[in-house]
Amino acid sequence: MEFVIKISQFLLSLSLLIVLHELGHFIPAKLFKTKVEKFYLFFDVKYSLFKKKIGDTVYGIGWLPLGGYVKIAGMIDESMDKEQMAQPPQPWEFRSKPAWQRLIIMLGGVTVNFILAYFIYVFISFAYGDKDYTLESLKDGYLIENQLMLDLGFKTGDKVIAVNGEPVEAHSDVIKSLISAEEFTVERNNETKNINLPEDFLGQLSSRKNRSSLFNLRIPFMVAKVDDTMQNKDVDLKQGDVLLAINGKGIRYFDQLEPRLKNYKNQTITATLLRDNDSIERELKVNSNGKIGVFPGISENKFEELGYIDITRKEYTFLESFGGGADKFVDQVAGYFDQLKAIFTPSTGAYKGLGGFKAIFDIFPEVWSWEAFWRLTAFLSIMLAILNLLPIPALDGGHVIFLLYEMISGRKPSEKFLERAQIVGFFILIALVLFANGNDVFRWITNR
């Protein structure tokens, strides 16, 4: 069921972004009376899952979910329709239109993606507001489980107080800084310690099998449900019970439970729990693996109530949400440019973490969350826009470069040159796609 939910979100988001991107090319083409021969979601190599011709345009769905396209008459694109280009230019063709109109048609797709992302962030601001955790409230610091972080000198209990010498106050500040972080300042046992990250930190992170989160919140063990096949299935435990002690010895955090239970294998323990502000005790059996067969749960409101975290919340009025959406949009665009800069700087090793469709699929949650869906869709819309602006001939950015050259110099590149550039760009794209998706396959095979 989890797979169905993930794949549904993935395909819905991808389809929405592709259709709207191509619509961004389609609408100005129609406005400038340019003939659009095809409008496709996914690629129709050899055959289509669906197609219908309305007017001059064939609308369809291809079987290969690697994107989508609009085929504009008289334009040198991925179709490489040399037969059409060999004919004399017609008034309704792309190549017959003024350069400024062609530029608007080419920029239409990325423009729609940017506008879509902005308005999604406006909606998110209005509907969900902002939520964050203050670092001051994390009294016992972070839970550090990632092996690379441990190797670099981080320890569970570290309180992050600065990144690259700049003070940080919120959990989101720490997470956003990871792409460009070079030095973390932490407080440990009332002492300040600086931990330097290697230049290829991102590359090392991508190469490790243990790719768990870098900075985890330390939370209590709260009961979600009891495994009805385990030894404690008949014990009176309720969802929301919070573990306070084992055999009279206090336990505050979930990460303290496993090492504690290892000392009581095949024994019965007395667990002290908090239920509805009352302290109760239950006898629990620990099996030979040091497990009690109880699944933990997460409730941010409960954890805040118990004093584990302080949640800062900000709500927006309808008008304020436009400013809140703009802030989120700018932050995400800047963050993605930082990622690209790292990827194209070989010394960082960030290219090792480059992923394809599986990597995108993996970021969607296993439970349906509209907030998560829209946040991810906004991010992917920005990613699609920026990647399409790369100056590679087969992408929108490549076409824009040639059009700007034409507008500035007054000379139009020859169709033969554009055809050859398109072929070169196509092979560059194929190489990038193979590399990114090859990384996915490699990580899957090596379980990294």
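Between LYS131 and LEU23, what FRET efficiency follows from the Cβ-Cβ distance if R0 is 30 Å, with the result rounded to 0.05?
On the way: r = 33 Å, r/R0 = 1.10.
After rounding to 0.05, the efficiency reads 0.35.
Find out how many positive minus negative residues lie around TRP368, taking Lys and Arg as positive, Asp and Glu as negative, among other residues whose Cβ is under 14 Å from that of TRP368.
Residues near TRP368 contribute -1 overall.
From the helices alone, meaning DSSP H stretches of at least four residues, give me the mean residue ellipticity at 222 nm for the chain, per-run term -39500 (n - 2.57), in deg cm²/dmol to the nearest 500. Can you show the working numbers first?
On the way: 13 runs with 189 residues, N = 448.
So the calculated ellipticity at 222 nm is -13500 deg cm²/dmol.
Straight-line reach only, C-alpha to C-alpha below 30 angstrom: list the lysines that LYS46 could link to, leaving out same-chain residues fewer than 8 apart.
Counting by Cα, and skipping residues close in sequence, LYS46 has these lysines nearby: LYS6, LYS30, LYS33, LYS35, LYS38, LYS71, LYS82, LYS358, LYS416.
What FRET efficiency do you get for GLU145 and TRP63 if R0 is 45 Å and r is their Cβ-Cβ distance, rounded to the nearest 0.05? Let's see the in-between values first.
On the way: r = 42 Å, r/R0 = 0.92.
The calculated FRET efficiency here is 0.60.
Measure off 7 Å from each Cα along the Cα-to-Cβ vector at ARG411 and LEU31, then give the distance between these two points in nanometres to one decimal.
Placing both labels 7 Å beyond Cα along the Cβ direction yields 3.2 nm.
Would you please put 372-381, 317-326, 108-117, 38-47 in order of how densely packed they are, using the mean number of other Cβ atoms within 10 angstrom per residue and starting with the highest?
Result, highest mean first: 108-117, 372-381, 38-47, 317-326.
Putting +1 on Lys and Arg Cβ atoms and -1 on Asp and Glu Cβ atoms, find which of PHE123, ILE144, PRO167 reaches farthest to the positive end of the dipole of segment 115-180.
Positive-most Cα among the choices belongs to PHE123.
Given charges of +1 on the Cβ of Lys and Arg and -1 on the Cβ of Asp and Glu, with all other atoms neutral, how large is the dipole of the chain about its Cα centre, in debye to the nearest 20?
1460
In the set (1) 4, 16, 23, 23, 16, 10, 6, 3, 0; (2) 4, 20, 27, 23, 15, 8, 4, 1, 0; (3) 4, 20, 30, 28, 15, 3, 0, which value of P(r) over Cα pairs in 10 Å bins from 0, in percent was calculated from the structure you see?
(1)
Please go through segment 346-440 and write out the GluC sites (Glu not before Pro) that DSSP classes as loop and that have at most 12 other C-beta atoms within 10 Å.
Passing both the DSSP loop test and the Cβ count: GLU366.
Quick one: length gained pulling ALA170 to GLN87 fully straight, 0.36 nm per residue minus the C-alpha distance?
Working it through step by step, the gained length comes to 23.7 nm.
In percent, what relative contact order does the chain have, based on Cα pairs under 8 Å that are 6 or more apart in sequence?
The value is 18 percent.
Roughly speaking, what is the stretch gain from ASP310 to ILE280, that is 0.36 nm per residue apart minus the C-alpha to C-alpha distance, in nm to one decimal?
Details: separation 30, 0.36 × 30 = 10.80 nm, distance 2.62 nm.
Stretched fully, the ASP310-ILE280 segment lengthens by 8.2 nm.
How big is the accessible area of THR268 in square angstrom, nearest 10, if you roll a 1.4 angstrom probe over the protein chains?
Around 80 Å² of this residue is reachable by solvent.
Round to the nearest 10 and give me the degree value, 0 to 90, for the angle of helix 370-388's Cα axis relative to the longest principal axis of the chain.
That works out to roughly 40 degrees.
Which percentage, to the nearest 5, of the DSSP beta bridges contained in segment 1-102 is antiparallel?
Counting only bridges with both partners in segment 1-102, antiparallel ones make up about 75 percent.
Using the Kirkwood radius built from alpha carbon pairs, what does the Stokes-Einstein equation give as D for segment 295-429 at 37 °C and 0.692 mPa s, in µm² per second? List each step's numbers first, then the result.
Working: Rh = 19.2 Å.
Reported coefficient: 171 µm²/s.
Under a crude label model (7 Å from the Cα following the beta-carbon direction), how far is PHE3 from SER213 in nanometres?
2.6
Taking the Cα centre of segment 350-410 as origin, work out the dipole magnitude from +1 charges on Lys and Arg Cβ and -1 charges on Asp and Glu Cβ, in debye rounded to 20.
With Lys and Arg at +1 and Asp and Glu at -1, about 160 debye.
Multiply the residue gap between LYS262 and SER347 by 0.36 nm, knock off their C-alpha separation, and tell me the result in nm, one decimal place.
26.3 nm
Sticking with the crude label model, points 7 Å out along Cα→Cβ, report the distance from PHE50 to ILE115 in nm, one decimal please.
2.5
Using the charge dipole of the chain (Lys, Arg: +1 at Cβ; Asp, Glu: -1 at Cβ; taken about the Cα centre), state which of PRO65, PRO391, TRP368 has its Cα farthest towards the positive end.
The residue sitting most towards the positive pole is PRO65.
Within segment 337-354, find all residues whose amide N lies under 20 Å from a label point positioned 7 Å from the Cα of GLU182 along Cα-to-beta-carbon.
It comes to 337-351, nothing else.
Using the Kirkwood radius built from alpha carbon pairs, what does the Stokes-Einstein equation give as D for segment 123-240 at 37 °C and 0.692 mPa s, in µm² per second? Don't skip to the answer; put the middle values down first.
Values: Rh = 16.6 Å.
Here the translational diffusion coefficient equals 197 µm²/s.
If you take the beta carbon distance between VAL433 and LEU152 as r and set R0 to 30 Å, what does 1/(1 + (r/R0)^6) give as a FRET efficiency, to the nearest 0.05?
Working: r = 33 Å, r/R0 = 1.10.
Result of the calculation: an efficiency of 0.35.
Compute the helix-to-body angle for 415-446: its Cα long axis versus the longest principal axis of the chain, expressed 0 to 90° and rounded to tens.
Orientation of helix 415-446: about 20 degrees from the principal axis.
Measure nothing but the geometry: give the 0 to 90° angle between the long axis through the Cα atoms of 99-128 and the longest principal axis through the Cα atoms of the chain, rounded to 10°.
Around 20 degrees separate the two axes.
Between LYS225 and residues 5 or more places away or on another chain, which pairs have amide H atoms under 5 Å apart, with H built 1.01 Å from N, and which residues are they?
Those lying under 5 Å, H to H, from LYS225 are PHE295.
The values are calculated or read from the model by the stated rules, or taken from the named source; none is laboratory data. Small disclaimer: the values here were computed from a predicted structure and weren't measured. Note that each Cβ is placed from the backbone with ideal geometry, even for glycine, and that neighbours are counted across all protein chains shown. What goes into the accessible areas is simple: the full protein's heavy atoms, side chains included, and nothing from ligands, DNA or RNA. Shrake-Rupley method; radii C 1.70, N 1.55, O 1.52, S 1.80 Å.
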